[in-house]
Ligand SMILES: Cc1cc2nc3c(=O)[nH]c(=O)nc-3n(C[C@H](O)[C@H](O)[C@H](O)COP(=O)(O)OP(=O)(O)OC[C@H]3O[C@@H](n4cnc5c(N)ncnc54)[C@H](O)[C@@H]3O)c2cc1C
């Protein structure tokens, strides 16, 4: 299935040409200076590169979400986490609250400046004593006549030093728990605001600050939406915040693999270029296959978002997987460069330090697993908060036909051996995790359930995320196969990733079940035998080598 049309492609070309000319040559200087000049955002605003999905009446492009996907991919390819996050915070993490829930007056005041690149925004959630535990924030906004009086402090605020305003998360009622949380738009030059720079491991060109609020007076009309609804708004908004990491991180990882392959085709050791060593080739095929799968999953999640579908589980799974893989690929690709990888003369040092924050910012990996576990183990439903704009809300067909066929009538599944192994491995993984979820939700003789163990919950959340990702990968290939595209490499990649996943899921689920006297009595007995049969008749070493040939020699 193609997500990009001719218009998208033209936009990509013009954005990419601009970034190569105006941004890439300056990144090193901005990294050293610890800030990005506003003039570059103003230039991008003039070119129509900002506010792509916002309405034309505020200067936006009124375009579909795949223009934002391209925006994130092209910024991601620059290999500067600091540059990417600065505008991601503006476009996806702060402005949407004003646009979706703010009054017309607030929109007219802020949106045109944001879209022209004149205004830089921040999102102020985290406090020194409340990070993951957002409900526990203490910053207070008290309504006094026609204004709010704000007291408290925020920390780790991206764009906090040089930004113009912050969408501030405050308590307007300290006795109402999450129902006392509100959002207020606060200009950062008001009396009573203090800022301290935070020095960080990575994202050097992005400014990060601790911000203090001491009796800061903000007009009442700067309240975004309704008092007490802020927590709801945030829970919705965080989905877009997490989603935008997918295309940008995927593109950065593609860049990492591409520069590594170039380097390895030149660098010689023991009389040959290092891309001829088996372990390196297999690592390349392993990482590239995981990345290819995640890219398909990323497009799938973005497509759902574009269609107005709100899926907390998928956004959390995507954020979890993409940031964890980014960290892994940065580490492994740096290793490909040997000593040069550790120097500032090659691209991997910056990527290595920039990637580390991915599993922390925007909700940690542990918090993502918590959310996913609640949905898949406890059947918790997250509802969408109402906004004051008309969003499209289409129903789409979650087609996993090929998997259903594999389950009910394997002979009708695709006539491609490698593809059928990939689907079989996925069906086994899916069945195994479902059987295991049922098992952990059953009480034992003492009335306790394994589903109360956080370690087990997180293990299941991780495996379920990988299953969902590979399902969408295989699904995307099945759609393309119908168009008879040549997908030899991708099918091998799907086979490899699905088989690796199956081995992991079966083995970890056995562990979760715990002690059994006899394998024959084990609920996973049949699954175990089928998975081992697949494993012994499909050599993964050959598979790795065949994928490596496609990537390295082609
Ligand atoms: C560079 C950078 C930029 C940032 N930008 C912004 C920004 O612009 N705006 C903003 O509001 N915030 C921002 N943040 C803050 C970021 O969102 C938080 O750091 C993050 O949510 C984690 O909160 P914390 O640092 O307080 O960690 P804590 O919540 O103290 O967590 C510490 C550790 O405990 C774990 N933990 C916590 N709760 C659980 C649990 N229930 N189960 C298992 N483990 C748990 C965490 O996963 C983590 O490993 C930024 C952070 C960084 C580093």
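The values are calculated or read from the model by the stated rules, or taken from the named source; none is laboratory data. It should be emphasised that the depicted structure is a prediction, and the values quoted were computed from it without experimental measurement. As a convention, Cβ positions derive from the backbone with ideal geometry for all residues, glycine included, and neighbour counts pool all protein chains shown.
Descriptive notes on the structure:
- All conditions in (1) more than 30 Å from residue 203 (Cβ to Cβ); (2) in contact with a helix residue (DSSP H, G or I) (Cβ under 7 Å, 6 or more places away or on another chain); (3) surrounded by fewer than 20 Cβ atoms within 10 Å (Cβ to Cβ); (4) at pLDDT below 95 hold for residue 415, with the sole exception of (2).
- Residue check for residue 181: touching a helix residue (DSSP H, G or I) at 6+ places or on another chain (Cβ under 7 Å), more than 12 Å from the ligand (Cβ to nearest atom) and modelled with pLDDT of 95 or more: yes
- Spans of helices (runs of 4 or more DSSP H) in region 66-128 with at least 3 residues surrounded by fewer than 22 Cβ atoms within 10 Å (Cβ to Cβ): 104-116
For every residue, the table says whether it meets (1) touching a residue at least 60 places away in the same chain (Cβ under 8 Å); (2) away from the ligand (no atom under 14 Å from the Cβ); (3) under 26 Å from the mean Cα position of the chain (by Cα); (4) assigned to a strand (DSSP E or B).
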{"position": "160", "(1), (2), (3), (4)": "no, no, yes, no"}
{"position": "173", "(1), (2), (3), (4)": "no, yes, no, no"}
{"position": "203", "(1), (2), (3), (4)": "yes, no, yes, no"}
{"position": "216", "(1), (2), (3), (4)": "yes, yes, no, yes"}
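- Test: residue in region 488-496 that is within 16 Å of the ligand (Cβ to nearest atom) and part of a helix (DSSP H, G or I): no
- Given (1) at pLDDT 95 or above; (2) part of a loop (DSSP other than H, G, I, E, B); (3) away from the ligand (no atom under 16 Å from the Cβ), index of the condition residue 385 fails: (1)
- The set of residues in region 129-140 being within 16 Å of the ligand (Cβ to nearest atom) and either buried (at least 19 other Cβ atoms within 10 Å of the Cβ) or within 17 Å of residue 224 (Cβ to Cβ) (or both) consists of 134, 137, 139.
Per-residue answers, yes or no, for (1) modelled with pLDDT of 95 or more; (2) part of a helix (DSSP H, G or I):
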| residue | (1), (2) |
| --- | --- |
| 309 | no, no |
| 316 | yes, yes |
| 322 | yes, yes |
| 344 | yes, no |
| 349 | yes, yes |
| 358 | yes, yes |
| 363 | yes, no |
| 367 | yes, yes |
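- Taken over region 34-54, the criterion of being within 19 Å of residue 203 (Cβ to Cβ) and assigned to a loop (DSSP other than H, G, I, E, B) is satisfied by 34, 35, 36, 37.
- For region 142-151, the set of residues classified as buried (at least 20 other Cβ atoms within 10 Å of the Cβ) and either away from the ligand (no atom under 16 Å from the Cβ) or under 30 Å from the mean Cα position of the chain (by Cα) (or both) consists of 148 only.
- Just one of the listed residues (54, 49) is without any contact (Cβ under 8 Å) to a residue 40 or more places away in the chain, under 24 Å from the mean Cα position of the chain (by Cα) and crowded, with 19+ Cβ neighbours inside 10 Å, and it is 49.
- Boolean, residue 196 is assigned to a strand (DSSP E or B) and free of Cβ contacts under 8 Å to residues at least 40 places away in the same chain: yes
- Within region 113-139, residues that are in the same structural domain as residue 165 (by TED's automatic domain parsing) and free of Cβ contacts under 8 Å to residues at least 12 places away in the same chain sit with their Cβ atoms under 7 Å from residues that are more than 8 Å from the ligand (Cβ to nearest atom) and not in a helix (DSSP H, G or I), at 6+ positions apart or across chains, in these pairs: 129/138; 130/137; 130/138.
- Residue in region 184-193 that is touching a helix residue (DSSP H, G or I) at 6+ places or on another chain (Cβ under 6 Å) and over 22 Å from residue 227 (Cβ atoms) present: no
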